[in-house]
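The structure appears right after this line, and notes come after that.
The values are calculated or read from the model by the stated rules, or taken from the named source; none is laboratory data. Every value quoted in this text rests on a predicted model; they were computed, and no experiment measured them. Neighbour counts are summed over all protein chains in view; Cβ atoms, including those assigned to glycine, are modelled from backbone coordinates with ideal geometry.
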Amino acid sequence: GARPRALSGIQPTAGSFHLGNYLGAIRQYVALQETHDAFYMVVDLHAITVPQDPAELRANTRLAAAQLLAAGLDPDRCTLFIQSHVPEHAQLGWVMNCLTGFGEASRMTQFKDKSAKQGADRATVGLFTYPVLQVADILLYQADAVPVGEDQRQHIELTRDLAERFNTRFGDTFSVPAPHIVKEVAKIYDLQDPAVKMSKSASTPKGLINLLDEPKATAKKVKSAVTDTDTVIRFDPVEKPGVSNLLTIYSTLTGRTVAELEKEYEGKMYGALKTDLAEVMVEFVTPFRTRTQEFLDDPAALDAILAQGAHKARAVAAKTLAAAYDRIGF
Ligand code: ADP
Ligand code: NA
């Protein structure tokens, strides 16, 4: 039978994705293309909810696509595209805005967090309604599975509510996606402060592993990761958050279980774990960097991949939008 459809978007971040993005999200994208009819997009429309320099936005969007390809997304096995190349996102986004209650949108905690960070006067209406654009992103593809983190759960609930609201008011048009993704995904912490999530904005420079950094610098960061004064290599996120974080990274990158690793490092020092993990990391980031650069060095080939992706995405999105427009009375 037909494969279930998956849809996910990732923001074009400045410079490089970090290890948390890879282990917590991009790796799942690569796996899902084997089991799902998967659509992945670089969400440049979402990026402009905060001010962007045009040249940087364009470069970061291409860099994000190049990194997704380098990580293993295969344009013949999934649909990879840039959100702004598919105008139906903005078009259905408007329709969804008109179905969303002002109070309903006001309850989105992500907006409260993000606007608080910027200062209430600086926050745009676009930032306020970005969860509604996300609803359109999902519904356009009639997605069954939406791989998102816990922080996005409320937005999936909104997607379900709006899909049901539209279907009730205008007739069955949208499939209602699963409330959340049950898949267990790794959560990666700052190497210097394992109490906080590894993140572009919140991490310390030495605690953040950027995938495109010099492999030597990355190895150095791993070797100077914070552990504890004990010597036992054991997975215990409460008592030993630093060591546990290293074990999570090690396990996720190699596919070996944490239990196997604990056994292998029984009686060994933290230094041995860090040295080996540094090597595993270098083996991962070195070809990743090379492949990313190869995609950037051939802009015509990258353009062709993204044009093909937009073409495939539009075939689905245009059909959904046409049905929705027709039912609305356009
Ligand atoms: P950041 O927090 O650095 O701004 P984003 O919020 O843009 O990163 O996250 C993009 C994707 O990467 C999301 O799917 C998110 O869940 C995942 N992700 C980000 N940081 C981590 C992390 N430390 N561990 C696991 N997954 C993460
Ligand atoms: Na973020």
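Are any residues in the stretch 8-55 more than 10 Å from ligand 1 (Cβ to nearest atom) and within 11 Å of the chain's Cα centre (by Cα), and if so, which ones?
Selection gives Y40, M41, V42.
Pairs, please: C-beta under 7 Å, at least 6 apart or cross-chain, first residue within 18 Å of P237 (Cβ to Cβ) and in the stretch 191-213, second near ligand 1 (Cβ under 9 Å from one of its atoms) and outside any loop (DSSP other than H, G, I, E, B)?
Listed by first residue and then by second, the contacts come to V196/Y189; K197/G20; K197/Y189; M198/H18; M198/L19; M198/G20; M198/Y189; S199/G20.
How many residues, within the stretch 189-247, are polar (S, T, N, Q), more than 12 Å from ligand 1 (Cβ to nearest atom) and modelled with pLDDT of 95 or more?
First, pick out the residues of the stretch 189-247 that are polar (S, T, N, Q): 192, 199, 201, 203-204, 210, 218, 224, 227, 229, 231, 244-245.
This time we only want the ones that are more than 12 Å from ligand 1 (Cβ to nearest atom), so: 192, 204, 218, 224, 227, 229, 231, 244.
Right, trim to modelled with pLDDT of 95 or more and you get 192, 218, 224, 227, 244.
Number of matching residues: 5.
Going through the stretch 213-225 one residue at a time, which ones are surrounded by fewer than 18 Cβ atoms within 10 Å (Cβ to Cβ) and in contact with a Leu (Cβ under 9 Å, 6 or more places away or on another chain)?
Matches in the stretch 213-225: K223, S224.
Mind counting the residues in the stretch 119-153 that are aromatic (F, W, Y) and either closer than 17 Å to I10 by Cβ or in contact with a strand residue (DSSP E or B) (Cβ under 9 Å, 6 or more places away or on another chain) (or both)?
2
Please find, within the stretch 101-114, the residue that is surrounded by the fewest Cβ atoms within 10 Å (Cβ to Cβ) out of those that are of a type in the set (A, V, I, L, M, F, W, C) and in a helix (DSSP H, G or I).
As a first pass, look at the stretch 101-114 and keep what is of a type in the set (A, V, I, L, M, F, W, C): 102, 105, 108, 111.
Pick out the ones that are also in a helix (DSSP H, G or I) and you get 102, 105, 111.
Details: F102: 7, A105: 16, F111: 18.
Top of the filtered list is F102.
Determine, yes or no, whether T320 is surrounded by 18 or more Cβ atoms within 10 Å (Cβ to Cβ) and either assigned to a helix (DSSP H, G or I) or at pLDDT 95 or above (or both).
Details: surrounded by 18 or more Cβ atoms within 10 Å (Cβ to Cβ): yes; either assigned to a helix (DSSP H, G or I) or at pLDDT 95 or above (or both): yes.
Here the answer is yes, as T320 does meet what is asked.
Each row is one residue, and each column tells you yes or no for (1) surrounded by 15 or more Cβ atoms within 10 Å (Cβ to Cβ); (2) part of a helix (DSSP H, G or I).
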residue: D230; (1), (2): no, no
residue: I233; (1), (2): yes, no
residue: G242; (1), (2): yes, yes
residue: E283; (1), (2): no, yes
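Of the residues in the stretch 115-165, how many are part of a loop (DSSP other than H, G, I, E, B), under 16 Å from the mean Cα position of the chain (by Cα) and either surrounded by fewer than 18 Cβ atoms within 10 Å (Cβ to Cβ) or away from ligand 1 (no atom under 16 Å from the Cβ) (or both)?
1
Of the residues G171, G149, G126, which single one is touching a Lys or Arg at 6+ places or on another chain (Cβ under 8 Å) and either over 21 Å from D44 (Cα atoms) or touching a residue at least 24 places away in the same chain (Cβ under 8 Å) (or both)? Before you say what the answer is, go through the steps one by one.
Values: G149 fails: touching a Lys or Arg at 6+ places or on another chain (Cβ under 8 Å); G126 fails: touching a Lys or Arg at 6+ places or on another chain (Cβ under 8 Å).
Going through G171, G149, G126 in turn, just one is touching a Lys or Arg at 6+ places or on another chain (Cβ under 8 Å) and either over 21 Å from D44 (Cα atoms) or touching a residue at least 24 places away in the same chain (Cβ under 8 Å) (or both): G171.
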